[in-house]
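K.L.:
Provided herewith is a single structure, encoded as structure tokens, for subsequent inquiry.
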Amino acid sequence: LIDNHDYALYSFVELFNCDKEIRDIVHIDAHRDDAIFTYEVGKITLENVSDYLSKKRVSDYLDCAKKAGIIGEIFSYTQSFEFEKFIVPSSPYILNLDIDIFGPEGEYVEDIVKTRVIENAWDGADAVIFATSPGFIEKEKVISKIKYFIEKKHDK
């Protein structure tokens with residue numbers, strides 16, 4: 001659980017360090033987060049990840065992790081047509097979920113569609129990262145959505 005989505009870089013490093021497995025990313029968000037990381041990228045470790053975080057913008061952490069070789073393909077779901085075509089990846093993956101998809105900037109995608117895709121993505125994920133994005137969604141809505149998904153998963 002993180003506030004701004006760029007701090008997922010910590011989780012990517014931690015997961016990669018566990019077993020050296022490169023996992024794909026299922027990125028569900030109101031924003032694509034597909035900016036290019038413009039600095040040179042070497043090996044990212046828990047000891048130096050803060051150096052990379054000090055250079056990055058909120059939207060280029062995925063590119064940074066990809067260039068470091070700690071994540072694989074990135075499957076982004078930010079628009080209705082992408083959600084409608086969702087297919088659970090066959091390779092190991094991380095669900096990289098920003099709850100702001102339920103905020104004002106994510107309203108163009110129906111809640112029932114978003115919820116179905118998140119539930120399906122969660123079921124096969126090796127890990128789930130929640131970003132709360134406090135500047136893009138009300139705190140009460142964040143709490144209710146996180147509770148919903150955790151309770152739904154717990155009931156299975």
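K.L.:
In a shell of Cβ-Cβ distance under 12 Å around S91, excluding S91 itself, what net charge do Lys and Arg (+1) and Asp and Glu (-1) give?
P.N.:
-3
K.L.:
For the chain, what is the accessible area per residue in Å² when the probe is 1.4 Å?
P.N.:
Heavy-atom accessible area per residue stands at 52 Å².
K.L.:
What residues have an amide H closer than 5 Å to that of F86, excluding those fewer than 5 places away on the same chain, when H is modeled at 1.01 Å from N in the peptide plane?
P.N.:
When sequence neighbours closer than 5 places are left aside, there are no close amide H contacts.
K.L.:
Can you give the convex hull volume per residue for the Cα atoms of the chain, as a whole number of Å³? Display every interim value, and only then the final one.
P.N.:
On the way: hull volume 17.0 nm³, N = 156.
Hull volume normalised by residue count: 109 Å³.
K.L.:
Continuing with this model, one more query. Please compute the net charge surrounding T38, taking Lys and Arg as +1 and Asp and Glu as -1 over other residues with Cβ under 10 Å from its Cβ.
P.N.:
After counting each charged neighbour, the total is 0.
K.L.:
Based on the mean of other beta carbon atoms within 10 Å per residue, what is the order of 22-28, 38-44, 100-106, most packed first?
P.N.:
On the way: 22-28: 22.4, 38-44: 13.1, 100-106: 19.9.
Going from most to least packed, we get 22-28, 100-106, 38-44.
K.L.:
For the stretch 66-153, state the semi-axes of the equivalent ellipsoid (square roots of 5 times the eigenvalues of the alpha-carbon gyration tensor), sorted largest first and rounded to whole angstrom.
P.N.:
21, 15, 14
K.L.:
Mind checking the angle between helix 139-155 and the chain's longest principal axis? C-alpha axes, 0 to 90 degrees, to the nearest 10.
P.N.:
Taking the Cα atoms of the chain, the angle to 139-155 is about 90 degrees.
K.L.:
Which part of the stretch 133-156 falls in the paramagnetic zone of V88, meaning amide N under 15 Å from the point 7 Å along Cα-to-beta-carbon?
P.N.:
153-154, 156
K.L.:
In the chain, carbon and sulfur make up what percent of the accessible area (probe 1.4 Å)? Mind showing how you got there, number by number?
P.N.:
On the way: 4240 of 8100 Å².
Carbon and sulfur: 52 percent of the exposed surface of the chain.
K.L.:
If you take every residue apart from K139 with its C-beta less than 13 Å away from the C-beta of K139, what net charge results, scoring Lys and Arg +1 and Asp and Glu -1?
P.N.:
-1
The values are calculated or read from the model by the stated rules, or taken from the named source; none is laboratory data. Note that the structure is a prediction, hence the values are computed from the model and not measured. Counting neighbours? That spans all protein chains shown, and the Cβs are built from the backbone with ideal geometry, glycine included. Ligands, DNA and RNA are excluded from the accessible area calculation, which covers all protein heavy atoms including side chains. Shrake-Rupley method; radii C 1.70, N 1.55, O 1.52, S 1.80 Å.
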